[in-house]
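Notes to accompany the following structure.
Where a number appears in this text, it was derived from the coordinates with a stated rule and is not lab data. Given the structure is predicted, the values throughout are model-derived calculations rather than measurements. Ideal geometry is used to build each Cβ from the backbone, glycine not excepted, and the neighbour counts take in all protein chains shown.
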Amino acid sequence: MSVLLTGGAGFIGSHIAVELINAGLDPIIADDFSNSSPDVIDRLYAITSKRIPCYEINVADAPSVSRIFEENAIDAVIHCAGFKAVGESVSEPVKYYRNNLDTTLTILEQMKAHGCENIVFSSSATVYGGSHTAPFTEDMSAGDCTNPYGKTKYFIEEILKDAAFADKSLSVVLLRYFNPIGAHESGLIGEKPNGIPNNLMPYITQTAAGIRKELSVFGNDYPTPDGTGVRDYIHIVDLARGHVAALKYAANHKGTEIFNLGTGKGTSVLELVHAFEQANGIKIPYRMAERRAGDIATCYAGTEKAARMLNWRAEKTLQDMCRDGWRWQQNCVK
Ligand code: WQD
């Protein structure tokens, strides 16, 4: 089974590529390397001993995507390509809407033109917004997003739903990611943020590496056990395996289905800091800071639906996430 993997050189996409190969499937990567590096393809070879075909294209460009479908018998698409910086999406919303929506529309048009019926989309728990009480379940309302990045995820979900409603041959799986962290255990692929990291785990690993002086803990007066924000951190390899399960589901169903990819367990900022310290024997200097605008107190997944319908569950521990994330940071060029 050949799978077009858009954004396949990125943090999430590269880990999906490995798991597709582990499952005996054949990924074909499309990436413009706008937020990734071509050497990821060599690293994927080092991990899998397979040369993954890679097209350096912009996924919004119809002729380029058409060529991929013409040159390969694509059975399914996993669509991860997209801009993802929350702060940048607030200052440059049009760039985000243009890129994230255009890439999806082009993929959908080209799938139709070439008779490809299965798509798995990289969505986010951010679509649940701030008004629900955790655990967040797939039947809860969505769309109340606080930033343009989140809105692009929600709008794309709606576009895909409408497409599947109109075309009964289409199978759409929307995967709502919680907080993917960690890295492949080889230490060869992982997350490489541009500039100062916005997300907690890369900030912790860069602080451990001495690149950042100390971590700012954004808020210690939330209604949580220790006052710091609670999130559902999931090992990137577990998350990637969720895509393999979703592909199998998509191949045997029609219409749209939504699944959370999370562990179902909430971990506070300070708990993650301490888990990292314990797993790696390194102290993380931190100080308390103001709440960050747009943050909610508690977010974790309901996992029952994915367990029941995809037969998938996250298996790795917080310790695995901390250990593997740190191994990657140490291998990463500063
Ligand atoms: C986790 C917790 C922070 C940094 C965001 C996006 C979401 C998604 C993933 C991506 C919170 C706290 C963080 C720091 C801190 N999308 N924190 N100090 O906010 O759950 O989700 O990233 O593609 O759309 O909103 O993740 O890792 O930024 O924060 O105290 O330096 O860590 O306040 O409680 P978040 P995060």
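The table below gives the values:
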quantity: Rounded tilt (10° steps) of 39-48 against the dominant C-alpha axis of the chain; calculated: 90
quantity: Residue exposure sequence - CYS145, CYS322, CYS332 - by fewest surrounding Cβ within 10 Å; calculated: CYS332, CYS145, CYS322
quantity: Candidate lysines - alpha carbon under 25 Å from LYS95, same-chain residues fewer than 8 apart omitted; calculated: LYS84, LYS151, LYS153, LYS161, LYS192
quantity: 222 nm mean residue ellipticity, helices alone, for the chain (DSSP H n ≥ 4; -39,500 (n - 2.57); rounded to 500); calculated: -12000 deg cm²/dmol
quantity: Calculated FRET efficiency for the pair ASN311/SER131, C-beta based, R₀ 41 Å, to 0.05; calculated: 0.85
quantity: Mean-position separation - Cα centroids, segment 174-244 and segment 1-77, in angstrom; calculated: 24
quantity: Folded to 0 to 90 degrees: helix 62-71 orientation relative to the chain principal axis, Cα; calculated: 70
quantity: Ranked packing of 311-317, 299-305, 199-205, most packed first, by mean Cβ within 10 Å; calculated: 199-205, 299-305, 311-317
quantity: Global geometry of the chain, whether rounded, prolate or oblate, following the gyration tensor of its Cα atoms and the 1.5 cut on a/c; calculated: prolate
quantity: Prolate/oblate/rounded label for segment 16-76 (Cα gyration tensor, a/c 1.5); calculated: oblate
quantity: Crossing angle, helix 269-280 versus the chain [Cα axis fit, 0-90 degrees, rounded to tens]; calculated: 90
quantity: Tail weight of P(r) past 22 Å, computed on alpha-carbon pairs of segment 111-215, percent; calculated: 51
quantity: Inter-site label distance for ASN199 and SER141 at 7 Å from Cα along Cβ, in nm; calculated: 2.9
quantity: Ordering of 32-42, 267-277 by packing [mean C-beta count within 10 Å, highest first]; calculated: 267-277, 32-42
quantity: Projected-area mean, segment 175-334, by convex hull of Cα positions, square nanometres; calculated: 10.2
quantity: Among 52-63, 149-160, the order from most to least packed when residues are scored by Cβ within 10 Å on average; calculated: 149-160, 52-63
